[in-house]
Amino acid sequence: MGGALAGGQMYGFDALIFDVDGTLADTERDGHRPAFNAAFAEAGLDWEWTVPTYGELLAVTGGKERIRYFIERWRPDFPAPADLDAFIADLHRRKTAHYLAMLRGGAIPLRPGVLRLLREARAAGVRLAIATTTTPENVVTLLECSGEPALPDWFEVIAAGDIVPAKKPAPDIFLLALDRLRLPPRACVAVEDSDNGVRSALGADLRALLVTVSSYTKDQDFDGATLVVDGLGEPGQPPTVLAGDLAGSGLVDLAALDALHRQAWGDA
Ligand code: XBP
Ligand code: MG
């Protein structure tokens, strides 16, 4: 196992599996959140998810699940329609339309260092996959609007949304990505930004785990992650390391991920 090879450089892993929201891009506060609010307004609802409110609601992964939780726990007096599932699905469809329009308008760039690392991985023959809770079209559109239009095609596997029975923190979506890659956990490095994502990855035995914290997740507990940073970094702009170390790299590159991978698996 282990096998990505570029210019004679052998890495101990074959693939990188990325989360999307918070990891590839800072999508939640100024993307998903206003899109939910626009959908609520459009549907004539006076609900407003403020920045702190949304931070609390992020404990529930999945947009439809988040709306349902909000209704049941925060609006118990709301006269819920007979077909609550259809009502939530309609609201979520509206939300997705608003979110996609924001992406197409260029409102949400990739986080610093993401394209750099993806390019390095692609050049080295490291396979790329996604394991996310969000809706598949959100993923493809985010990637298409990244400034690298072919970016969706760089990912061999895009495991997203309702395709699995249980969303993060359940391990299902990472297990699906591993299955589609036909790789064991030891052959992969996972990249996440949230405690729910860490629990999901560890539940799939993805022990080589990098966390790039985002504004909403910086105070969460990432126990079990090998390396925690505040971003991937760019040349001349090193990230702040919150746990673990970059093993001599000034930023998160394949060499740093290789060291992380060896540290996580040791002689196991
Ligand atoms: C992301 C989510 C998603 C988005 C909204 O979690 O929880 O629900 O907030 O996306 P993760 P949808 O980064 O851990 O995958 O509305 O499309 O569900
Ligand atoms: Mg995330």
State which residue is farthest from ligand 2 (Cβ to nearest atom) when the search covers only the range 206-221 and only residues that are over 22 Å from residue 255 (Cα atoms) and either of a type in the set (S, T, N, Q) or in contact (Cβ under 8 Å) with a residue 12 or more places away in the chain (or both). 221
When you scan the range 252-264, do you find a residue that is in contact with a helix residue (DSSP H, G or I) (Cβ under 9 Å, 6 or more places away or on another chain) and either assigned to a loop (DSSP other than H, G, I, E, B) or of a type in the set (D, E, K, R) (or both), even just one? yes
The range 64-83 residues that are touching a residue at least 40 places away in the same chain (Cβ under 8 Å), paired with ones that are polar (S, T, N, Q) and assigned to a loop (DSSP other than H, G, I, E, B) (beta carbon under 9 Å, 6 or more apart): 65/133
Condition first: modelled with pLDDT under 95 and surrounded by fewer than 16 Cβ atoms within 10 Å (Cβ to Cβ). Now tell me which residues in the range 239-262 satisfy that. 245, 247, 248, 250
Taking residue 15, is it open to solvent by less than 30 Å² (accessible area, probe 1.4 Å), within 16 Å of ligand 1 (Cβ to nearest atom) and over 17 Å from residue 92 (Cβ atoms)? no
Sole miss for residue 95 among (1) within 30 Å of residue 251 (Cβ to Cβ); (2) surrounded by 19 or more Cβ atoms within 10 Å (Cβ to Cβ) is condition (1)
Which of the residues that make up the range 68-87 are over 25 Å from the mean Cα position of the chain (by Cα) and either basic (Lys, Arg) or over 28 Å from residue 163 (Cα atoms) (or both)? 73, 75, 76, 77, 78, 79
Looking at the structure I just gave you, is residue 250 closer than 16 Å to residue 120 by Cβ and free of Cβ contacts under 8 Å to residues at least 40 places away in the same chain? yes
Can you go through 129, 107, 97, 86 and tell me which one is more than 14 Å from ligand 1 (Cβ to nearest atom) and at pLDDT 95 or above? 86
Could you say whether any residue in the range 192-204 is touching a Pro at 6+ places or on another chain (Cβ under 6 Å), in a loop (DSSP other than H, G, I, E, B) and not aliphatic (A, V, I, L, M)? no
More than 19 Å from the chain's Cα centre (by Cα) and either within 15 Å of ligand 2 (Cβ to nearest atom) or in a helix (DSSP H, G or I) (or both) - does that describe any residue in the range 59-67? yes
Taking residue 161 as meeting all but one of (1) more than 10 Å from ligand 1 (Cβ to nearest atom); (2) at pLDDT below 95, write down the number of the exception. (1)
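The values are calculated or read from the model by the stated rules, or taken from the named source; none is laboratory data. Model, not experiment: these values are computed from the prediction. Quick reminder, even Gly has a Cβ in these numbers, built from the backbone with ideal geometry, and neighbours come from all protein chains shown. Remember, those area values only see protein heavy atoms, side chains included, never the ligands or the DNA or RNA. Shrake-Rupley method; radii C 1.70, N 1.55, O 1.52, S 1.80 Å.
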